[in-house]
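Take a look at the structure below.
The values are calculated or read from the model by the stated rules, or taken from the named source; none is laboratory data. Being a predicted model, the structure only gives us computed values, none of them experimental. As a convention, Cβ positions derive from the backbone with ideal geometry for all residues, glycine included, and neighbour counts pool all protein chains shown. What goes into the accessible areas is simple: the full protein's heavy atoms, side chains included, and nothing from ligands, DNA or RNA. Shrake-Rupley method; radii C 1.70, N 1.55, O 1.52, S 1.80 Å.
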2 protein chains.
Amino acid sequence: MDQPISFRIAANEGNARAGVLRTRRGEIETPVFMPVGTAGSVKGIRFEELENEIDAQIILGNTYHLWLRPGIETIRACGGLHRFIGWDRALLTDSGGFQVWSLGELRKISEEGTEFRSHVDGSLRFLSPEVSMEVQAALGSDIVMAFDECAPGKTPHDDARTSMELTARWARRSRDRFDALQRDEADTGRTLVEGLSGAQALFGIVQGATHHDLRRESLDRKLEIGFDGYAIGGLSVGEEKNVMWDVAGEIAPLMPADLPRYLMGVGTPEDLLEGVARGVDMFDCVLPTRNGRNGQAFTSRGKLNIKNTQWASDQRPLDETCRCSVCRRHSRAYLRHLYLSGEMLSSISLTHHNLAFFLDTMRRVRQSIRSGKFTQFRREFTEMVNSGVE
Amino acid sequence: MDQPISFRIAANEGNARAGVLRTRRGEIETPVFMPVGTAGSVKGIRFEELENEIDAQIILGNTYHLWLRPGIETIRACGGLHRFIGWDRALLTDSGGFQVWSLGELRKISEEGTEFRSHVDGSLRFLSPEVSMEVQAALGSDIVMAFDECAPGKTPHDDARTSMELTARWARRSRDRFDALQRDEADTGRTLVEGLSGAQALFGIVQGATHHDLRRESLDRKLEIGFDGYAIGGLSVGEEKNVMWDVAGEIAPLMPADLPRYLMGVGTPEDLLEGVARGVDMFDCVLPTRNGRNGQAFTSRGKLNIKNTQWASDQRPLDETCRCSVCRRHSRAYLRHLYLSGEMLSSISLTHHNLAFFLDTMRRVRQSIRSGKFTQFRREFTEMVNSGVE
């Protein structure tokens, strides 16, 4: 029987892989960075730019945010998330688990799910594996994430085990409800394309904080259930970088080689290369958009803070090696002026450049793996990034 | 001797004219609406969009804002305003007179000029006809406005006369300093093109509040000095609409028929048609950008407030007859969601649509004049706008 997605590896170099993830809404070359469109918009950029110059093949949406506002009745009435926002390419939706966890004191976790107060209107809401699957079916995203509990970096072993086991039971419930919803045709995004089932894909999430035994057990329990792809959650949330890479470096290669692997919420451009080197295929992070709004550009020579006085009359682009439309047109001096003047074009321009830089970096990563030069590319890229902006 | 600009009327209908204004940075079909780029950016839109889809042939910059920040040393160091902001097409700069007037209590006007406190850093600054010309030469804009004093709509005759006479003396001083600066090659935007002098053009401004005799006298005194084009200032600042049109309707046709006429700071789409009917060629206004940021769209059926609950699940575009990229892609329901969620894409999208609508309206105005159907177009357009959004 056809699967919801297909994944083909075209080249390997060490643990790094370059491949093609085929979804019901187009092909995605991997490794891929997915821009984050939390509330149905990648902040500060038009869809035309994402499609054309940035050429994003897939973006993220967020169950938590979209469920609270505008709500699934509205999105269902508008024909699902793709049609609601006007985006025909692939969409992955996060389950809401991470956002609810981020609420901290405002949420109460039980076996059944998570009770919390909406940040929009203060109303009491309840999110569970079943609700998350129902919302994601109404959104009609192409890749659905199982509902999990996030145990952050420094969680002690006992607590991390409790959490990991809850996540495993929630994964089972996610799978069951998801399958029923697909049978019931609740998925608003269903589209038949040759060789695929037309259904949503469901990814399982490995938790276990920084404890390797728990991470391995978490993966085993997800494999028992069976998913279309596997994600590593609960990293980049407070632990040291080397600890994060130890965990990801052990777990990613243990995941099925013929399915996509997704490292959630990571990271800087250097992090993307480190993840790829450990066998990760998919990444997402708010850094390019959020930091762009705060006046920070990612460049081939590291981070550039546009506020700095040293750029006041500097006519060079953000990145002298970048060919994006911002770097072709605007100087550091002008972008600094826009930032200091509170002009929206500052956020728009830095967001645009940052996304262009992230996606261009991944394009170069893929090419380097396909030509057997990833190790060399990674070394040169990292050296350059660490050399600092002049 | 070649002039800085040339202006050719291609068609007339009543007082309305369609023509081509040739500047050292390209041809501008008139009547034209000029998007406002106060601090060197048309708020909320990329220059690529202005050039391509919106197809703006000329935009405004503001002397007051750019002088205070980033300052003319920076702009001169970056090669003038065109190069600083990355815009090769025509630029018109306002003189700063209106902005200083807007400061109200914070400014002190004397024969010499205007003393005021900077809104950026609170420093005491002094703007005069000479300083304004010097700043505009450093900016290198293609059309420079004389430094004037704005007497708003309800100014009594005596005060309006005093102000009008001061504006006349300032116009003389603007002309003198401007000419000296051109001789001294202070203009950073100088560009030689066939048939034009390569210098900046200087426009005079007619003031006199709502008093027809003062308006006529103000025009006579500007004509004595001699300018490359003539503007009507001090309208749309508190007076009734019919009073504004009485003044503009008398003064515009008295201006030289072979030079461009510019009605400053006006207006709504309906206002543009009223101005054109009275012989005006150029307009500017912050309405499409400012109202776009505040959730208001201009449409062929009048204003649409995107906040309204009635659009919550409305899948129609802002304007069903509009072919702009926002209307082709996004529904009222989605744009409302973006506004309520505080997403930047709300401002970006409504600004984009509004500018597209204003410039498309002017394109249709020009076509209608050229085909002798302006009267009909004006009647149909006005009826439709007044019919209300459904």
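Brief remarks on what is shown
- Heavy-atom accessible surface of A:Thr375, to the nearest 10 Å², is about 80 Å², with a 1.4 Å probe and all protein chains retained.
- Within a Gaussian network of chain B (alpha carbon springs, distance under 10 Å), most fluctuating of B:Arg379, B:Arg107, B:Arg290: B:Arg379
- Exposure rank, largest accessible area first [A:Arg175, A:Arg190; 1.4 Å]: A:Arg190, A:Arg175
- Proximal charge balance of B:Arg316 [Cβ under 15 Å; K/R count +1, D/E count -1]: +3
- 10 Å Cβ neighbours from other chains, averaged over peptide A:44-50: 5
- Hypothetical label at B:Lys373: residues of region B:274-289 whose amide nitrogen lies under 20 Å (7 Å Cα-Cβ projection): B:274, B:276-277
- Cα centroid separation - region A:308-328 against region B:210-280, whole Å: 42 Å
- Taking the chain by itself as reference, region B:59-101 contains these residues with an accessible-area loss of 50 Å² or more in the full protein complex (1.4 Å probe, heavy atoms): B:Arg69, B:Cys78, B:Phe84.
- Largest accessible area first, the listed residues B:Cys322, B:Cys78 line up as B:Cys322, B:Cys78 when surface is computed with a 1.4 Å probe on the assembled protein chains.
- Accessible area per residue in Å² at 1.4 Å probe, computed on region B:190-229: 35 Å²
- Scanning chain A for DSSP H helices at least 27 Å long along the axis (C-alpha atoms) with a Kyte-Doolittle mean no lower than -1.0 picks out A:344-370.
- Note on the protein assembly as shown: the C-alpha convex hull projects to 35.3 nm² when averaged across all orientations.
- The 1.4 Å probe gives accessible areas that order A:Arg24, A:Arg83, largest first, as A:Arg83, A:Arg24.
- Legend: residue pairs B:Lys43/B:Lys303; A:Lys241/A:Lys303; A:Lys108/B:Lys307; A:Lys43/B:Lys43; B:Lys43/B:Lys307; A:Lys241/A:Lys373, Cα-Cα distance threshold 23 Å; pairs beyond threshold, A:Lys108/B:Lys307; A:Lys241/A:Lys373.
- Relative contact order of region B:320-390, defined on C-alpha pairs under 8 angstrom at six or more residues apart (%): 24 percent
- Averaging the sequence gap over all C-alpha pairs within less than 8 Å and six or more residues apart, then dividing by the number of residues, gives region A:241-390 a relative contact order of 23 percent.
- Accessible area per residue was computed with a 1.4 Å probe on protein heavy atoms; A:Tyr339 scores about 70 Å².
- Across B:Asn354, B:Asn15, B:Asn308, mean-square fluctuation computed from a Gaussian network of chain B (C-alpha pairs under 10 Å connected) peaks at B:Asn308.
- Contact with the other protein chains removes 20 Å² or more of accessible area, compared with the isolated chain and a 1.4 Å probe, from these residues of region A:337-351: A:His337, A:Leu340, A:Ser341, A:Glu343, A:Met344, A:Leu345, A:Ile348.
- FRET efficiency for B:Glu51 and A:Leu124, using Cβ-Cβ distance with R0 set to 60 Å, rounded to 0.05: 0.75
- Surface per residue (accessible, 1.4 Å probe) for region A:291-390, Å²: 42 Å²
- Rolling a 1.4 Å probe across all protein chains gives B:Arg169 an accessible area of roughly 90 Å².
- Rounded percent of accessible protein surface that carbon and sulfur make up, the protein assembly as shown, 1.4 Å probe: 45 percent
- Dipole check for chain B: with +1 at the C-beta of Lys and Arg, -1 at the C-beta of Asp and Glu, and the Cα centre as origin, the magnitude is about 980 Debye.
- With contacts taken as Cα pairs under 8 Å and at least 6 residues apart, chain B reaches a relative contact order of 18 percent.
- Each copy carries a label point for B:Thr191 at 7 Å from Cα along the beta-carbon vector; from one copy to the others these points are 4.2 nm apart, nearest first.
- 7 Å along Cα→Cβ, label-point gaps from A:Asp158 to other copies, nm, shortest first: 8.9
- Buried area at the B:A interface is about 3600 square angstrom, summed over both chains, from accessible surfaces computed with a 1.4 angstrom probe.
- Using a probe of 1.4 angstrom and keeping all protein chains present, the accessible surface of region A:1-121 works out to 38 square angstrom per residue.
- Between identical copies, the spacing of B:Ser371 label points, each set 7 Å from Cα toward the C-beta atom, reads 5.4 nm from nearest to farthest.
- Environment charge of A:Ala297, counting only residues whose C-beta is closer than 10 Å and scoring Lys/Arg +1, Asp/Glu -1: +1
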